[in-house]
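One structure below.
What follows is calculated from the coordinates using simple rules that are stated; it is not laboratory data. Bear in mind the structure is a predicted one, so any value in this text is a computation, not a measurement. Every residue, glycine among them, receives a Cβ derived from its backbone with ideal geometry; neighbour counts consider all protein chains shown.
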Ligand code: HEM
């Protein structure tokens, strides 16, 4: 089975309203906070959270997924490091990220993280292999593209922080 990963499979189960209401105790979108409170969070998911008046309990499959993640490697993604470029032609705008992974067996990709009416932010994620892989780190050239009719400004979230690309 695919190892569940915090940013891909756990954090998306927590709604913005869950994060907001639980902010008095911990941040449900923060890896370290969720790890530190994982046993209590699972207990409440099995019992009474989220409360019925705000959507109610998760389906059992979601609770099981949280438990599998909690009892396993508690895997998370890394923010990647790369050189970024923006290329535009008449139909398509492409963001490219080039560089070398930190070790063999890593995967990486760009994904849209958030957007407003005037801007979009893409995050560069690296995923480590579940078990270390021998060999040399691979170089990469990753691309994410969208129609060039979308003229919003672009920001990149990476190991260097969040920076404008255009
Ligand atoms: C250690 C785990 C948790 C504790 C101790 C906890 C405790 C509480 C408490 C004391 C409240 C305020 C009282 C209430 O409205 O019932 C509350 C509200 C709420 N919690 Fe949690 N909670 C936990 C986990 C969670 C999780 C994992 C979620 C979502 C998946 C969640 C979603 C909510 C929501 C949406 C509310 C607002 C309810 C409302 O306004 O009616 N909580 N929680």
**Asked** What per residue convex hull volume, in Å³, comes out for the chain when only alpha-carbon positions are used?
**Response** 150
**Complete:** If the chain between residue 160 and residue 112 were fully extended at 0.36 nm per residue, the gain over the current Cα-Cα distance would be 15.6 nm
**Request:** In Å and from the alpha-carbon atoms only, list the Rg and Dmax of the stretch 78-164.
**Result:** 14.0, 45
**Message:** Could you tell me the center-to-center distance, by alpha carbons, between the stretch 91-139 and the stretch 1-48 in angstrom?
**Reply:** 24
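Calculate the FRET efficiency for residue 138 and residue 16 from the Cβ-Cβ distance with a Förster distance of 35 Å, rounded to the nearest 0.05.
0.45
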**Message:** So the label point goes 7 Å from the Cα of residue 89 along Cα→C-beta, right? Which residues of the stretch 96-127 then have their backbone N under 19 Å from it?
**Reply:** 96-97
**Message:** Just to confirm the number: angle between the C-alpha axis of helix 60-71 and the first principal axis of the chain, 0 to 90 degrees, nearest 10?
**Reply:** 80
**Asked** Using a Gaussian network for the chain with springs between C-alpha atoms less than 10 Å apart, which of these wobbles most: 80, 72, 55?
**Response** 55
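Work out how much length residue 25 to residue 40 would gain on full extension: take 0.36 nm times their residue separation and subtract the Cα-Cα distance, in nm to one decimal. Before the final figure, lay out each step's value.
Details: separation 15, 0.36 × 15 = 5.40 nm, distance 1.14 nm.
Using 0.36 nm per residue and subtracting the Cα-Cα distance, I get 4.3 nm.
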**Prompt:** Expressed in whole Å with the largest first, what are the equivalent ellipsoid semi-axes of the stretch 6-71 derived from the C-alpha gyration tensor as the square root of 5 times each eigenvalue?
**Reply:** 16, 15, 11
**Message:** Principal axis extents for the stretch 54-115, Cα atoms only, whole Å, descending order, please.
**Reply:** 47, 34, 14
**Residues in the stretch 135-166 reached by a label modelled at residue 96 [backbone nitrogen below 19 Å; 7 Å Cα→Cβ]** = 138-148, 154-157, 165-166
